[in-house]
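Note sheet for the following structure.
Nothing in this text is a laboratory measurement; each read-out follows from the coordinates by a stated rule. Worth saying up front: this structure is predicted, and the values here are computed from it rather than measured. Glycine also receives a Cβ, built like all others from the backbone with ideal geometry; neighbour counts cover every protein chain displayed.
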Amino acid sequence: MIIQSTLILFGVFFTMLFTGVPISVGIGIASIVTAFFSFDPEIFAVIAAQRVFSGIDSFALLALPFFTLAGNIMNKGGIAQRLVRLARLVVGWIPGYLAATNVLANMFFGAISGSSVAATSAMGSIMSPLEREEGYDPNYSAAVNICSAPTGILIPPSGPLILYSITAGGVSVAALFMAGYLPGILLGLSVLIFSMYIAYKKGYKASTVKETDPAIKIVIDAVPSLFAVILIMAGILSGWFTPTEAGVVAVLYCGLLGFIYKELNIKNLYEILADTMISSATILFLIAASTIMSYIMSYSGIPAAISQMIMGASSNKYVLLLIMNVFLLVMGMFLDLTPAVLIFTPIFLPIINSIGMSPVHFGVMLIMNLGIGSVTPPVGSCLFVGCSVGKVAIEGITKYIVPLFIAMVIALLLVTYIPAISLLVPYLFKLVPSM
């Protein structure tokens with residue numbers, strides 16, 4: 001029964017995926033088809049309705065639309081531009097400084113918005129014209145923007161880490177947020193170093209831009225934007241508000257900044273709300289459909305069977321971690337981050353529990369894997385958004401994506417095999433018992 005259910009479930013799902021059916025619909029159809037071989041249709045209809053409702057009936061899930069809205073407000077509210085100016089001030093002395101500025105700005109913006117796609121769109125829209133003016137290869141510029149964007153889902157606040165916390169059965173969001181800092185910075189630095197090397201080989205120079213404003217004004221202009229991170233994290237760690245309430249605070253704070261900067265008005269606020277509603281509805285529909293798949297998998301014993309198969313491949317903890325990384329990297333090429341978290345978290349949790357791995361450490365490793373997957377074809381969301389805003393073709397950026405992808409995988413392996421990179425900060429804050 002397990003083999004039959006596994007073949008039907010994933011066979012139908014990947015068939016739907018490759019024929020262009022939306023992922024959420026593919027998940028739902030695959031689950032329903034599999035259920036016909038295991039359940040009475042009338043009973044399954046009731047169970048499916050209950051699971052869909054309970055899957056999205058969560059206060060914690062409200063954090064996702066709020067942080068999405070905050071990210072959209074930052075994009076249109078003048079915050080992104082100020083972060084770019086600050087980043088250029090910091091790294092203007094580096095050869096290929098505009099690419100370095102792009103990396104640093106993505107880290108700043110991602111740290112506030114918690115969305116790699118939002119960072120790709122915002123920073124690409126700002127940086128691409130500047131880089132074209134200075135003679136940068138548009139393919140190189142787009143590749144750097146795309147590969148540095150996933151830092152935004154590691155450096156908190158992070159929507160994917162919240163989603164993992166819920167899927168994993170209540171792993172501390174505060175611990176996950178603090179665990180994301182060092183891996184996110186490491187990922188950003190790995191892309192930065194490789195992009196600097198490429199820039200040096202191509203002969204790109206340091207900044208010759210003469211700012212009209214003094215450095216202190218540029219810093220002061222950016223401080224209110226960066227303070228959003230301090231406000232959110234301080235509030236969560238001190239217990240002033242929950243992660244969901246932190247999303248509300250982020251929306252109010254960033255909205256206030258947008259109006260102060262005179263970048264927000266009623267017209268674009270309506271557009272921002274409409275975009276947020278569409279993207280949030282997509283995420284919630286994915287979660288709803290995935291709850292049915294999770295139930296089918298659980299009932300059929302698929303997670304336990306896959307876990308036993310992987311553990312049967314080796315008794316060595318480090319080999320198992322390598323197998324999981326390779327599997328997740330490959331799956332990340334075909335699945336968006338949200339359904340991948342919902343599908344693979346219950347599959348791998350038994351394995352990480354059996355080898356004594358911290359669920360906080362695993363959560364960071366999982367999100368980092370899937371973030372890297374977002375820059376690779378055929379389904380990489382950052383890849384397509386980055387190519388769109390950079391006005392380049394996927395074929396053209398491949399030669400630049402490959403070395404940057406290697407840099408990201410090196411960072412991933414360091415995070416995987418050195419737990420302290422993920423656990424040191426939450427340990428210092430007494431959010432995890434040990435490293």
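Modelled this way, with points 7 Å down the Cα-to-C-beta line, the labels at PHE53 and ILE278 are 3.1 nm from one another. Put the Cα centre of the stretch 41-114 next to the Cα centre of the stretch 144-160 and the gap is 8 Å.
Phi angles of the stretch 339-355 translate, via the Karplus equation with coefficients 6.51, -1.76, 1.60 and θ = phi - 60°, into HN-Hα couplings of x, 5, 4, 5, 7, 8, 4, x, 6, 8, 4, x, 5, 5, 5, 6, 9 Hz per residue; Gly and Pro are given as x. In terms of surrounding Cβ atoms within a 10 Å radius of their Cβ, LYS317, LYS262, LYS205 rank from fewest to most as LYS262, LYS205, LYS317.
Give the order of CYS382, CYS254 when sorted by the count of other beta carbons within 10 angstrom, beginning with the fewest. Intermediate values should be presented prior to the final figure.
Working: CYS382 28, CYS254 25.
So the ranking, lowest neighbour count to highest, is CYS254, CYS382.
For the chain, adding -39500 (n - 2.57) for each run of n ≥ 4 DSSP H residues and dividing by the number of residues yields -26000 deg cm²/dmol at 222 nm.
Straightening the chain between ASN268 and THR15 buys 87.1 nm, computed as 0.36 nm per residue apart minus the Cα-Cα spacing.
For the chain, modelled as a GNM with alpha-carbon contacts under 10 angstrom, which of LEU130, LEU366, LEU104 fluctuates the most? Largest GNM mean-square fluctuation: LEU130.
Farthest toward the positive end of the dipole of the chain, out of PRO183, LEU7, MET277, is the Cα of PRO183, where the dipole comes from beta carbon charges about the Cα centre. With 23 Å as the limit on Cα-Cα distance, the pairs of LYS76/LYS267; LYS317/LYS399; LYS217/LYS391; LYS262/LYS391 that go past it are LYS317/LYS399; LYS217/LYS391; LYS262/LYS391. Each Lys and Arg Cβ is given +1 and each Asp and Glu Cβ -1; about its Cα centre, the chain then shows a dipole of about 840 debye.
Restricting the stretch 167-257 to chymotrypsin sites (Phe, Trp or Tyr not before Pro) that sit in a DSSP loop and have at most 12 other Cβ atoms within 10 Å of their own Cβ leaves TRP240. Picking from ALA340, ALA288, ALA393, which is most flexible by a Gaussian network model of the chain using Cα springs under 10 Å? Residue with maximal mean-square fluctuation among ALA340, ALA288, ALA393: ALA393.
Among PHE108, PHE334, sorting on how many other beta-carbon atoms sit within 10 Å of each Cβ, with the fewest leading, yields PHE334, PHE108.
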